[in-house]
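Before any comments, here is the structure.
Since every read-out is calculated from the coordinates, none of them should be taken as a lab result. Owing to the predicted nature of the structure, the values given are computational and were not obtained by experimental measurement. Note that we place each Cβ from the backbone using ideal geometry, even for glycine, and neighbour counts take in every protein chain shown.
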Amino acid sequence: MNELRDLEARIRGLEDLEAIKRIKHKYFRCIDKGLWDEIGNCFAEEGVADYRPEAPLQGRAAITKFFKENIAPVYSMCVHQGHNPELELTSDTTATGIWQLENFMLTAETNTGFWIAGSYEDEYIKERGEWKIKRTKVNIIFWSDIEKGWAKERFSPLLEV
């Protein structure tokens, strides 16, 4: 009987990890397709998005507003990818994760592109039976204008980890 309970717990854990991957994949898809109303649903009601250390966004509404007002009018294209997830269930309703980030963005006004690489540090919570992002924090390794090349001085000192 204990073996069956252990097997059930392991399967439940695998299902939870897969659900966490799906919510993060949805987050990336929403950014790439400009689904700004939908992106808020990736977050817990009181979720936090820490894209800039000096100004973390608090709450689903603030996160959605940020994308609508700051990303949608500025960037005509995003290719936002997360790779190599390192996920850990910390309880039946909480988890942590690290994702490697690659992001190409094209500015609408100047039609110039830039490349960002870094990582996400995430916390997840299971609310009403669904996994959501509780907190996401972006750690930038580099931010470089593609037209200017990859020179070290072009790495963003404003976004250092």
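Cross-link list Lys26/Lys68; Lys21/Lys68; Lys24/Lys137; Lys68/Lys126; Lys24/Lys132: which exceed 19 angstrom alpha carbon to alpha carbon?
On the way: Lys26/Lys68 17 Å; Lys21/Lys68 24 Å; Lys24/Lys137 13 Å; Lys68/Lys126 26 Å; Lys24/Lys132 9 Å.
The answer is Lys21/Lys68; Lys68/Lys126.
Here Cys78, Cys42 are placed in order of increasing Cβ neighbour count within 10 Å, fewest first, which gives Cys78, Cys42.
Going by alpha carbons, how many degrees (0 to 90, nearest 10) lie between the helix axis of 2-33 and the longest principal axis of the chain? For helix 2-33, the angle is close to 20 degrees. Here each label is just a point 7 Å from Cα along the line to Cβ, and for Met1 and His83 those points are 4.9 nm apart. Rg and Dmax, both from the Cα atoms of the chain and both in Å, are 17.4, 65.
The per residue volume of the convex hull around the alpha-carbon atoms of region 1-74 is 105 Å³.
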